[in-house]
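Okay, so here's the structure we're looking at.
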Amino acid sequence: MPITESDIKKIASLAHLEITDEELRTLAPQVAAIVAYVEQLNELDTSAVEPAIGGMTPEGERTRAVREDATRPSLGQELALEQAPEPAHGHFRVPKVIASSEEKENF
Amino acid sequence: MPSSDRTIELISSEISGGKSTAQTVAARSLDAAERLNGELNAFLQIDRVGALRRAKGLDEGAGAGGALRGVPVALKDNICVRGMQATCGSSILAGYHPPYDATVTERLNAAGAVVVGKTNCDEFAMGSSNENSAYGPVRNPWDTRRVPGGSSGGSAAAVAARIVPAALGSETGGSVRQPAALCGIVGVKPTYGRVSRYGLVAFGSSLDQVSVFGLTVRDAALVLRTIAGRDERDSTTADVEVPDYVAGLGGDLKGARIGVPRALFGEGLDADVRARVEGAVDAYRDLGAEVVDVELPHAKYSIAVYYIIATAEASSNLARYDGVRYGFRAEDPKDLREMYRRTREEGFGAEVKRRIMLGTYVLSSGYYDAYYLKAQQVRTLIQRDFLSAFETCDAVLTPTTPTPAFRLGEKTDDPLSMYLSDIYTCMANLAGIPGVSVPCGLTPSGLPVGFQLMGRHWGEPDILRLAHAYEQAHPLAERPGVMAE
């Protein structure tokens, strides 16, 4: 499937990347070429093949990397905030999240 | 091995025999790191004060009995060391200091190692030349006009230049074996689940594995033995006993079978590299091993599978860099969404953006089955190829890289040709099997060549023993032009 500059813009938006016009011009053909390359996998019929998720045990079984969903000690608030660009009152401060009604269209 | 090489074996015997101290050894390593960094740019941080303090503690009796007591090591800048930076070669993590140690860091420290610095790498471990670092490229100690390989290029250069005898890197598609080959040293990628990734910054979580560089197979085996094993904090680590990889070295190769996939020795393989690797195959025959033909019919799809899986997982893992909790945040954003976008636009480099874009595309609505699922299915076929090959051999031997070290800038405009540098290595990551790259001489123009052995899941003892046998018979006699005195 050919990839257009408008596809690239849409993907950038999904990925929260703001890309410049110049980046758009270089990225579009590069991503298109890579996608064309990976599409060689379509030569293979994989309809009866299980996907390879997870590692292998010494016995040749697939590992199941799940653990109990339980609370455990973690960094603590002070340490967790130590590297924050803008900590405030024990929280991470960010620009406003809720738009006014006239701004909403832009969200 | 010429006596000039300060291996772990040598350093340990000097310290335990009272001929040297951890402080003397650390100072020597730090001096070399500082002296050579202008030429190589291998280190992003050199911790003279911390390393000397640590060495002094060891000399005063701390860490007695540790297998790496007083051994200087360097860690790739995507592995957390408390009190040191972890930029991952990215501007988005400039100045970031993780508040905890990675499990591998804890284990190195417990064994008495001295961390002298954090090494340069391709941004978020994405690259095959180290040219994608936001802090400038690393240069190859054999020829500073050439790349050291990547993404763990700084660790590779630091070991090749004899600044440290061993270093840690990380692999997602060959990021330790490939630079090891281009720098003339040993690189080991363990089985998926062998080494904890707690404290390793995530890239492609179904592929990532902390990996080891050493001057010798023995040194690499010793470091691997130190860091391997189950860790409750990484649920992908398997509860499988860690064999003594060092004790397993030695012995003759009678009965050993080396599988050679001849179909992979054709198109795209540099003639000089092929000649050296063919020489290694012959050497195994001379050592008493049996050489058999094997086929890996799906190996040619590895790069395509890899670039779907790795980018999809990366686009998800790198969503966390949003300027909220740590790292860089763009100035004066007008709202939250603009903060996210500008932080990521200004903080990420071109290759990282390209991969996030590609990964987002293959995971986007309606494409998941066509790309990610398809790639995971072909990945199963690649794993099956190896399982079937291992019915007739103990290790599969290939070149580690299709060419020797290339010139800086040679492949930067063509991402796909750069990706093809990993053609021989990424199949082991996809299959989850271990691999080791071993130096096997130089090209006529003086650049190192490596071959790799890939083994069964949890088959590190087999490939390390085979690698060691070759190395003992054919040690690399030459040394790089840029190295510690």
Of all alpha-carbon pairs in chain B, indicate the percentage at a distance above 30 angstrom. 40 percent
I'd like the distance separating the alpha-carbon centroids of segment B:209-257 and segment A:53-75, in whole Å. 21 Å
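Counting other Cβ atoms within 10 Å, keep those with at most 14, restrict to DSSP loop, and tell me which trypsin sites (Lys or Arg not before Pro) in segment B:145-194 are left. Walk me through the numbers on the way to the answer.
Values: sites: B:Arg145, B:Arg146, B:Arg162, B:Arg177, B:Arg194; in loops: B:Arg145, B:Arg162, B:Arg194.
Passing sites in segment B:145-194 are B:Arg145.
Evaluate the charge dipole of chain B about its Cα centre and quote only its size in Debye, nearest 20, assuming +1 on the Cβ of each Lys and Arg and -1 on the Cβ of each Asp and Glu.
Details: 51 positive and 57 negative charges, 142 e Å.
Result for chain B is approximately 680 debye, rounded to the nearest 20.
Looking at the protein assembly as shown, send over the antiparallel percent of its DSSP beta bridges, to the nearest 5. Write down the numbers at each step before the final one.
Working: 33 of 47 bridges.
Expressed as a percentage, antiparallel bridges in the protein assembly as shown total about 70.
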Each residue of segment B:135-143 in turn: what ³J(HN,Hα) in whole Hz from Karplus with 6.51, -1.76, 1.60 and θ = phi - 60°, glycine and Pro shown as x? 10, x, x, 8, 10, 6, x, 7, 6
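What does the net charge come to around B:Ala202 if you take all other residues with beta carbon closer than 11 Å to its beta carbon, with K and R at +1 and D and E at -1?
Working: positive: B:Arg197, B:Arg320; negative: B:Asp208, B:Asp234, B:Glu313.
Within the 11 Å Cβ shell, the charges total -1.
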Alpha-carbon radius of gyration plus Dmax, which is the widest Cα pair, for segment B:339-485 in Å: 19.5, 58
Per residue, what volume in Å³ does the convex hull of the Cα atoms of chain A enclose? 289 Å³
Number of partner chain Cβ atoms within 10 Å, mean per residue of A:19-31: 3
Taking placed amide H atoms and a strict 5 Å upper bound, the residues 5 or more places from B:Val115 or on another chain that come that close are B:Val73
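Compute the relative contact order of chain B as a whole-number percentage, counting only Cα pairs closer than 8 Å that sit 6 or more residues apart in sequence. Don't skip to the answer; put the middle values down first.
Details: 1184 pairs, mean separation 88.8, N = 485.
So the answer I get is 18 percent.
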Under a 5 Å amide H to amide H cut-off, with H placed in plane at 1.01 Å, what residues pair with B:Gly259 once short-range neighbours are removed? B:Val292, B:Asp394, B:Ala395, B:Val396, B:Leu397
Can you tell me the Rg and the Dmax, both Å, for the Cα atoms in segment B:58-103? 13.6, 40
For a quick protection proxy, order the peptides A:79-87, B:72-80 by their average other-Cβ count within 10 Å, most packed first. B:72-80, A:79-87
Return the sequence-ordered ³J(HN,Hα) values of segment B:112-117 in whole Hz as given by the Karplus equation 6.51 cos²θ - 1.76 cosθ + 1.60 applied to θ = phi - 60°, using x for Gly and Pro. x, 6, 10, 7, 8, x
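When DSSP beta bridges are limited to those with both residues in chain B, what percentage is antiparallel, rounded to the nearest 5?
On the way: 30 of 44 bridges.
In chain B, DSSP labels about 70 percent of beta bridges as antiparallel.
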Quick shape summary for the protein assembly as shown, equivalent ellipsoid via Cα gyration tensor, semi-axes whole Å in descending order, reads 36, 30, 22
When ranked by the protection proxy of mean other Cβ atoms within 10 Å per residue, highest first, what sequence do the peptides B:84-96, A:17-29 form? B:84-96, A:17-29
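Can you pull out the trypsin sites (Lys or Arg not before Pro) in segment B:267-334 whose DSSP state is coil and whose Cβ has at most 12 other Cβ atoms within 10 Å? It would help to have the intermediate numbers written out before the result.
Values: sites: B:Arg274, B:Arg276, B:Arg285, B:Lys300, B:Arg320, B:Arg325, B:Arg329, B:Lys334; in loops: B:Arg325, B:Arg329, B:Lys334.
Filter output for segment B:267-334: B:Lys334.
Arranged from highest to lowest average of other beta-carbon atoms within 10 Å per residue, in what order do the peptides B:419-425, B:362-368, B:388-394 appear? Don't skip to the end; give the middle numbers.
Working: B:419-425: 25.0, B:362-368: 14.6, B:388-394: 17.0.
Top to bottom by mean Cβ count within 10 Å: B:419-425, B:388-394, B:362-368.
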Within 10 Å of the Cβ of an average residue in A:38-48, the count of other chain Cβ atoms is 5
For chain B, with +1 on Lys and Arg beta carbons and -1 on Asp and Glu, the positive-most of B:Leu249, B:Ala312, B:Leu430 along the dipole: B:Ala312
Contact order relative to length of chain A, as percent, for alpha carbon pairs under 8 angstrom and 6 or more apart: 13 percent
In terms of the ratio Rg/(2.2 N^0.38 Å) built on C-alpha atoms, what value belongs to segment B:348-394? 1.66
Average partner chain C-beta neighbours within 10 Å, per residue of B:324-334? 4
Amide H contacts under 5 Å for B:Ala94, placed H, 5+ residues apart: B:Phe328
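Report, in cubic angstrom per residue, the convex hull volume of the C-alpha atoms of segment B:371-448.
Working: hull volume 8.5 nm³, N = 78.
Cα convex hull per residue, to the nearest whole number: 108 Å³.
Let me make sure I get this right: for segment B:111-235, a, b and c are the square roots of the gyration tensor eigenvalues over alpha carbons, sorted descending. Under 1.5 in a/c it's rounded, otherwise prolate if a/b > b/c, else oblate. Which is it?
Details: a/c = 1.86, a/b = 1.31, b/c = 1.42.
Here segment B:111-235 falls in the oblate category.
No value in this document is a laboratory result; all are computed from the given coordinates. As the structure is a prediction and not an experimental result, all values here were calculated from the model. Glycine also receives a Cβ, built like all others from the backbone with ideal geometry; neighbour counts cover every protein chain displayed.
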